[in-house]
Structures are given as structure tokens and as C-alpha cells.
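What follows is a short report on a single structure.
The values are calculated or read from the model by the stated rules, or taken from the named source; none is laboratory data. The structure presented is a predicted model; accordingly, all values stated were derived computationally and were not measured. Quick reminder, even Gly has a Cβ in these numbers, built from the backbone with ideal geometry, and neighbours come from all protein chains shown.
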Amino acid sequence: DAAGTGPVALTKQEAPKFVVRFTADTTTAVVGSPLNSSSITDNGVGYTTLGISSSMSDALYVIQTTNTNNKSSSGVSATGPYGTTWTNSASGLTTSSAVVSQRFASPAATSDTDMDVTCVLLIGDLA
């Protein structure tokens, strides 16, 4: 409150409605404690479908992805709400699931690999 003696009133603020941290490098496994996550499906290298326990109100929510990579080689990583063609596409987002891509490409490697750990947040309204 204005006097500084009570709780702060938060107005027009949103908090994540879905949080998951997972590895798809050797297995699709949750790391830590997820929020509102029902499943993780490894669809192939760098392509993962995340199930949402309590559906979002629409498919226009914000998705934030980050990743870490502990591989010993240098390279380029990409992550986000992409489809299999790596075009920035919201078509992989529904009220009950989100498709994310996370890949690491090394100049010395012959093919892309999964990122070591990927973190995903969804921000929007629940149904």
C-alpha cells in the first residue's frame, strides 16, 4: 500500500501458467518441478510436444523458451515455437499443447542434436 505497511496490489499483471524444464538429449525427462505440465513427447531431434494439464483459454498465449548446452564444441542453437520446417509458426500452439523446437548445430557435427536442457514458460489465461 502507499504507506508501505501492507501488501502490494498487483494490477494488470500476469504470471506463468505453465513452466517446465526438460532434457531431450538422451531421454525426454523433466528436470525440477513442472507447473501445469501433463506430458512431454519427443517427436525427433529438436522437436518436442508439451502437454498442458489445465488448458489455456485460447492459443494466443505467450511462449518463452530458453536452453542450455553443455556440449564441448562451439556451434549455433535455436529454440522457440517452431514447426518441423523451422518457420516461426503459431500452428504448433493449441489450448492443450505447445510444440517447441530446440536444436544445436556444431560446424564439426554431421547432424543437429537436441539441447541439453530446455525451459518453457507459457503466459496467458487459463480456460
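Screening SER33 against (1) modelled with pLDDT of 85 or more; (2) surrounded by 15 or more Cβ atoms within 10 Å (Cβ to Cβ); (3) more than 12 Å from the chain's Cα centre (by Cα) leaves a single unmet condition, (2). The residues listed here are ASP42, ASP1; of these, the one that is modelled with pLDDT under 85 and charged (D, E, K, R) is ASP1. Within segment 68-84, the presence of a residue that is at pLDDT 85 or above, in a strand (DSSP E or B) and touching a strand residue (DSSP E or B) at 6+ places or on another chain (Cβ under 8 Å) is excluded. Against the condition in a loop (DSSP other than H, G, I, E, B) and either of a type in the set (Val, Ile, Thr) or modelled with pLDDT of 90 or more (or both), how does VAL8 come out, does it pass? Criteria met by VAL8.
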